[in-house]
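This report concerns only the one structure given below.
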Amino acid sequence: MTGTSAVGLVLARPPRLLGAEPFFMEFIAGIEERLAERGRSVLLHVVADHAAEIAAYRRWAGHRLVDAVILVNRTVDDARPAVLRELGLPVVVAGEPVEGAPAVRRDDVGSVRAALTHLAGLGHRRIARVSGPSTLVHTRVRTAALLEAAGAAGVEAVVVEGDYSEESGAKLTAQLLGRAEAPSAIVYDNDLMAVAGLHAAKELGRRVPRDLSLIAWDDSSLCRLASPALTTMSLDVHLFGELVAESVVRLVEGEPVAERWCPTETVVPRETT
Amino acid sequence: MRERAAEAAAWRAWEGVRAGDGGAGWVGLLVCWHGRTGDRADRGAVSKPHASSKAAVLDAIRAAGTISRVGLINATGFTAPTISTLVRKLINEGLVVETGHAESTGGKRRVLLQLDHASRYAVGVHLDDGTMTYALTNLGGVAVARIARPGPGAEEPAAVVARMAGEIGALIDGVGVERDRVLGAGLVFPGPRTTPSPRRWEGFPLGPALERATGLPVVLDNDATAAALGEQWAGGFGTATAAAALYMGTGIGAGLVINGITYRGPSGNAGELGHVCVHADGPDCWCGARGCLEVVAGPDAVVAAARADRAVAEAVGLRDGAKRASVAGDFAAISRAARRGEPRALSMLESSARYVATAARTLANLMDLEVLVLTGPSFAVAGSVYLPVVREELRAFFSRSAHAVDVRLSRSAASASAIGAAALVLESELVPLSHGLRLPENLDSEPEPAA
Ligand SMILES: [Zn+2]
């Protein structure tokens with residue numbers, strides 16, 4: 001490696017969430033496609049937590065192994081942007097912006113509203129959402145948007161916190177369905193939790209979508225292959241990656257980089273709503 | 001065949017005894033072979049002819065995830081003192097750690113053992129026409145780092161090796177692993193050949209050259225076989241006796257795992273599913289035969305069909321001239337268009353999928369497969385189209401009254417061969433197997449009693 005042609009991406013996740021989920025591999029494929037045109041590559045590193053992520057940034061800066069970093073999964077008390085600033089590593093943020101770094105954003109508010117409108121239109125009056133970790137900024141944005149939109153539409157909404165794993169998707173779904181006032185629709189913040197939730201609901205004898213509607217986030221092969229196939233939000237993950245790569249290329253080539261937005265997600269109705 | 005393998009295992013164990021390796025375990029190993037029954041949960045690790053009893057124990061821990069010493073006795077057939085000695089060795093070497101207790105079942109609580117995933121690492125390199133994909137995996141075979149670089153193209157072999165060594169070094173530095181915890185590098189590539197592309201690579205000592213350049217032990221293999229081993233190492237085949245990874249990148253191949261062991265064939269080309277005939281009067285294939293799966297319905301054929309139809313090529317966004325993508329890149333673009341709902345792209349993929357499914361059924365019938373995992377970059381993007389078609393076709397599996405074939409999409413389809421190449425290192429360095437029957441030099445000598 002010449003040391004000047006890689007862009008770093010660290011994924012911090014608990015070790016039991018093995019490897020990288022389908023979402024990130026598709027995201028990286030999109031980044032790689034655009035970067036390859038400029039002879040650049042993505043160095044993906046999977047670590048256990050933010051401390052290890054920060055250690056990786058220090059190592060990369062010290063060895064000059066990357067010439068930019070793509071920051072993902074912004075958290076509420078995020079120590080990483082300050083470290084990256086201190087190290088002088090150029091940054092593009094995929095998600096909520098950081099001061100001084102260009103961002104490629106997803107319209108979480110618009111997406112949540114689209115999901116709620118879809119469910120309210122089908123007559124659902126009590127819905128639940130199995131969220132990602134509440135330490136993530138975009139989880140909080142989605143939660144606030146959901147509660148606001150539900151209030152406006154006269155829909156009762158509850159949010160329970162998962163961790164993106166299949167186990168949490170299954171467990172929380174079973175808990176929600178065991179409540180005295182169980183929801184008639186559940187929205188999940190990713191694909192793995194939704195697929196596991198669908199299995200859990202079926203095991204509890206719920207007929208989907210007759211008794212229960214489900215919507216997954218992050219449309220991946222898993223959602224299409226589920227039986228019944230999961231209704232999802234339409235984010236084009238590959239395009240998201242391409243947009244991020246375009247910002248990275250401009251940044252490292254010293255050109256001005258504007259904030260960009262992914263197209264607002266729409267509902268892709270399949271067989272679970 | 002089983003008898004032969006058992007015999008081979010016994011001989012290897014005997015050699016191990018003579019070499020002073022795992023001496024106390026050899027009787028246990030023989031017992032395990034004769035006494036082996038069908039406890040499915042344990043089968044993955046035990047039915048292999050390991051080169052040493054320590055390897056057998058380490059493999060049993062790997063296969064189980066977490067397991068107690070009592071569990072190891074049951075899984076391997078070794079005696080309690082043997083297990084105790086070998087586990088202590090593995091803990092001293094830092095490969096295994098104690099991790100909490102099993103839930104009490106009335107008796108005393110059992111300490112659980114598992115691999116210390118961060119104790120060792122392995123590098124995997126997949127050398128394909130357009131891309132070299134590098135992965136660094138931990139002891140559990142899980143990728144902790146990955147990078148894709150341009151393929152060798154017209155570069156001279158020596159220059160490619162130098163570049164590879166630099167890129168491997170940067171990957172190791174990038175993760176911050178000490179060199180002495182990296183067990184080696186696996187290098188895998190497609191096709192019925194021992195070096196990645198003909199002519200220029202002919203006679204080039206790729207393995208030794210990369211060993212010299214990196215200072216790491218290097219293992220070479222076929223990319224589909226590596227993908228299968230990676231799946232096996234990560235637990236994707238469960239306890240299946242006969243499993244296969246159907247690999248689709250630029251070409252198509254299959255890796256076979258029989259009784260937990262990859263089956264390579266004498267030349268390393270077993271499982272060349274891309275060159276199984278699916279059309280007796282079909283077009284000529286580059287391999288010299290005709291009607292092969294690859295030439296009829298492989299990614300190359302799909303891309304050619306899409307490029308031949310200007311409207312499709314435009315709708316999909318296939319680019320020409322200097323910006324023209326590799327076959328894999330074009331195939332990915334067609335797959336994404338199909339996912340977006342482009343009907344002609346979808347129907348081209350579905351037509352390819354029917355042939356792939358036919359070949360998959362042939363493979364399943366030949367090998368009496370229990371599990372078939374679809375993997376490789378082309379299935380990573382198009383798996384949602386191919387999987388249902390293959391599943392449907394395998395309803396007609398010959399032995400369906402005995403068992404179904406479980407068809408799945410790999411969890412690491414996009415980098416399967418690079419991850420598998422690293423698993424190759426983990427296997428050869430940590431749980432080596434004895435291959436085939438090897439007779440000891442002096443057949444007439446009396447076995448020495450075990451210590
Ligand atoms: Zn052929």
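The values are calculated or read from the model by the stated rules, or taken from the named source; none is laboratory data. What you see is a predicted model, and the numbers here were worked out from it, not measured in a lab. Every residue, glycine as well, gets a Cβ built from its backbone with ideal geometry; the counts of neighbours run over all protein chains shown. SASA here: full protein model, heavy atoms, side chains in, ligands and nucleic acids out. Shrake-Rupley method; radii C 1.70, N 1.55, O 1.52, S 1.80 Å.
Structural remarks
- Condition met for residue B:278 (within 15 Å of residue B:252 (Cα to Cα), touching a residue at least 40 places away in the same chain (Cβ under 8 Å) and touching a helix residue (DSSP H, G or I) at 6+ places or on another chain (Cβ under 8 Å)): yes
- Checked against (1) out of contact with any Leu (no Cβ under 8 Å at 6 or more places or on another chain); (2) farther than 30 Å from residue A:29 by Cα, residue B:113 passes all but condition (1).
- Screening B:347, B:335, B:352, B:326 for residues that are touching a Leu at 6+ places or on another chain (Cβ under 7 Å) and polar (S, T, N, Q) leaves exactly one candidate, B:335.
- Every residue from segment A:228-257 that is touching a residue at least 40 places away in the same chain (Cβ under 8 Å) and of a type in the set (Gly, Ala, Ser): A:229, A:241, A:245, A:247
- For residue B:385, the conditions (1) within 14 Å of chain A (Cβ to nearest Cβ); (2) more than 23 Å from residue B:329 (Cβ to Cβ) are fulfilled apart from (2).
- Filter result (open to solvent by 30 Å² or more (accessible area, probe 1.4 Å) and under 22 Å from residue A:75 (Cα atoms)) within segment A:139-157: A:140, A:141, A:143, A:144, A:147, A:148
- Qualifying residue in segment B:176-189 (condition: crowded, with 24+ Cβ neighbours inside 10 Å and not hydrophobic (A, V, I, L, M, F, W, C)): yes
- Residue list for segment A:92-125, restricted to those being in the same structural domain as residue A:61 (by TED's automatic domain parsing) and free of Cβ contacts under 8 Å to residues at least 24 places away in the same chain: A:93, A:99, A:100
- Out of A:142, A:80, one residue alone is modelled with pLDDT of 95 or more, of a type in the set (Lys, Arg) and under 16 Å from the mean Cα position of the chain (by Cα). It is A:142.
- Each residue in segment A:201-213 was checked for being more than 14 Å from residue A:227 (Cβ to Cβ) and of a type outside the set (D, E, K, R), and 4 pass.
- Of the residues B:310, B:344, B:319, B:354, the single one that is at pLDDT below 90, farther than 23 Å from residue B:237 by Cβ and either open to solvent by 30 Å² or more (accessible area, probe 1.4 Å) or touching a helix residue (DSSP H, G or I) at 6+ places or on another chain (Cβ under 6 Å) (or both) is B:319.
- The test for being at pLDDT below 95, open to solvent by 40 Å² or more (accessible area, probe 1.4 Å), within 14 Å of chain A (Cβ to nearest Cβ) and away from the ligand (no atom under 16 Å from the Cβ) does not hold for residue B:329.
- Filtered by the rule that a residue be of a type in the set (A, V, I, L, M) and within 9 Å of another protein chain (Cβ to nearest Cβ), segment B:362-382 gives B:380, B:381, B:382.
- Breaking point among (1) farther than 25 Å from residue B:223 by Cβ; (2) open to solvent by 10 Å² or more (accessible area, probe 1.4 Å); (3) of a type in the set (A, V, I, L, M, F, W, C), for residue B:337: (2)
- Test for residue B:41: is it surrounded by fewer than 18 Cβ atoms within 10 Å (Cβ to Cβ), over 28 Å from the mean Cα position of the chain (by Cα) and modelled with pLDDT under 65: no
- Taken over segment B:390-429, the residue count meeting the criterion of being within 14 Å of chain A (Cβ to nearest Cβ), aliphatic (A, V, I, L, M) and in a helix (DSSP H, G or I) is 8.
- Scanning segment A:218-240 for residues that are assigned to a helix (DSSP H, G or I) and within 11 Å of chain B (Cβ to nearest Cβ) yields A:221, A:222, A:223, A:224, A:225, A:237, A:238, A:239.
- Complete set of residues in segment A:20-51 that are open to solvent by less than 20 Å² (accessible area, probe 1.4 Å), within 7 Å of another protein chain (Cβ to nearest Cβ) and not hydrophobic (A, V, I, L, M, F, W, C): A:41, A:45
- Filter pass, residue B:271 being within 16 Å of the ligand (Cβ to nearest atom), away from chain A (no Cβ under 14 Å), over 30 Å from residue B:66 (Cβ atoms) and open to solvent by 40 Å² or more (accessible area, probe 1.4 Å): no
- Scanning segment B:277-298 for residues that are near the ligand (Cβ under 9 Å from one of its atoms), open to solvent by 40 Å² or more (accessible area, probe 1.4 Å) and not acidic (Asp, Glu) yields B:277, B:286, B:287, B:288, B:289, B:290, B:295.
- Just one residue in the set B:305, B:301 is at pLDDT 95 or above, closer than 23 Å to residue B:335 by Cβ and within 14 Å of the ligand (Cβ to nearest atom); that residue is B:301.
- Within the set A:37, A:53, the sole residue that is modelled with pLDDT of 95 or more and not aliphatic (A, V, I, L, M) turns out to be A:53.
- Any chance residue B:433 is open to solvent by less than 40 Å² (accessible area, probe 1.4 Å), away from chain A (no Cβ under 13 Å) and in contact with a helix residue (DSSP H, G or I) (Cβ under 7 Å, 6 or more places away or on another chain): no
- Tally, over segment A:241-263, of residues that are open to solvent by less than 50 Å² (accessible area, probe 1.4 Å) and more than 14 Å from every other protein chain (Cβ to nearest Cβ): 9
- Criterion applied to B:153, B:166 was being open to solvent by 40 Å² or more (accessible area, probe 1.4 Å) and within 14 Å of chain A (Cβ to nearest Cβ), and the one residue passing it is B:153.
- Every residue from segment B:385-404 that is within 22 Å of the chain's Cα centre (by Cα) and either open to solvent by less than 30 Å² (accessible area, probe 1.4 Å) or on the phi > 0 side of the Ramachandran plot (or both): B:386, B:387, B:390
- If only residues of segment A:60-86 that are in a loop (DSSP other than H, G, I, E, B) and open to solvent by 20 Å² or more (accessible area, probe 1.4 Å) are counted, the one that is nearest to the other protein chains (Cβ to nearest Cβ) is A:64.
- Residue in segment A:198-213 that is open to solvent by 10 Å² or more (accessible area, probe 1.4 Å) and among the polar types (S, T, N, Q) present: no
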